[in-house]
Amino acid sequence: MRESFCKLWAKIRRNRLVVIAASAAVAVGMISCSTMSGTLVAPPQIPGAEFVGSQSCAECHAEIVRDFKTATHARLKAEGPNAKDIGCESCHGAGSVHNQSGGAHHTILNPKRSPDTCFQCHLDKRGQFQLAHSHPVLDGKMSCSSCHDPHKGSAVRGGSTALLTEHDTCGQCHTAQRGPFVFEHEAVREGCTTCHDPHGTVNDKMLVTRNANLCLKCHFQQQTPSGIVIGGSNHGSASRLGRGTCWSAGCHEAVHGSQIGSSLRF
């Protein structure tokens, strides 16, 4: 009996050592209990062209190549031999024919003319642009570069602490919503994407949430015996929330800003 117990205990110890060793191997990346899945994106192919490297592009596009180190996309650039086919040509295609032609535009891809180059990596955006309400990128009326700069600085203009920059980007086209207003809506000051998703949503006007629920994300509501109170005023009556959205019920129509009242009326 004692001998059987000793053998069992020895077996348990051996198994524990195996588990400990395997755990250590996983921790340092030697083995894994699961496999990773991913998508390899091949650079655009130009018929008859070979990759020449970004330094070749610098001969004519010196300013763009110089500033690219500040771009968000520069973080994706490989170093050393691994960067041979990666850089300018990962979006514009192999550049040898372009160089030999003296810079003919038809010998490289121009993402301004088609968003497909961007969609190779940004698959989720391709899906959003096919939703019911989106910017007319797929119709060719604008391009990704209308709002994003792939060559310099942050690809996402605005957001974070650069709140006014986002406002200015949208204001280039949406001049009526840009202002200035005597009474501005704080949400506009924080950034248009507070209420809108520029790539597309299922909601009208590309709103991130539909109906009054959008406003209630920021405007505190309190349930009282007399009804729902928002901003110190009862909104639960049939003449308010029951009439529809905050901006279509004849109340707060000037949602981006007003020249006459802080309650955002025209």
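The values are calculated or read from the model by the stated rules, or taken from the named source; none is laboratory data. Because the structure is a prediction, the values reported are computed rather than measured. Heads up, the Cβs are rebuilt from the backbone with ideal geometry, glycines too, and the neighbour counts pull from every protein chain shown.
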All but one of (1) modelled with pLDDT of 85 or more; (2) among the basic types (Lys, Arg); (3) not assigned by TED's automatic domain parsing to the domain that holds Ser90 hold for Lys141; which doesn't? (3)
Would you point out the residue of region 198-229, among those that are of a type in the set (A, V, I, L, M) and in a helix (DSSP H, G or I), that is surrounded by the fewest Cβ atoms within 10 Å (Cβ to Cβ)? Leu216
Per the filter on region 113-142, residues polar (S, T, N, Q), surrounded by fewer than 18 Cβ atoms within 10 Å (Cβ to Cβ) and farther than 18 Å from Asp197 by Cβ are Ser114, Gln120
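Listed here are the residues, each with its yes/no results for (1) in contact with an Asp or Glu (Cβ under 9 Å, 6 or more places away or on another chain); (2) over 23 Å from His252 (Cβ atoms).
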| site | (1), (2) |
| --- | --- |
| Ser145 | no, yes |
| Val156 | yes, yes |
| Asp168 | no, yes |
| Thr209 | no, no |
When you scan region 32-47, do you find a residue that is within 30 Å of Pro150 (Cα to Cα), at pLDDT 65 or above and over 29 Å from the mean Cα position of the chain (by Cα), even just one? yes
For the structure I just gave you, tell me whether His196 is within 17 Å of the chain's Cα centre (by Cα) and free of Cβ contacts under 8 Å to residues at least 60 places away in the same chain. yes
If I filter region 157-169 for residues that are modelled with pLDDT of 90 or more, surrounded by 12 or more Cβ atoms within 10 Å (Cβ to Cβ) and of a type in the set (A, V, I, L, M, F, W, C), do I get at least one hit? no
Condition first: in contact (Cβ under 8 Å) with a residue 60 or more places away in the chain and closer than 17 Å to His73 by Cα. Now tell me which residues in region 125-149 satisfy that. Lys125, Asp149
Check on Ala187, within 24 Å of Gln128 (Cβ to Cβ) and modelled with pLDDT of 80 or more: yes
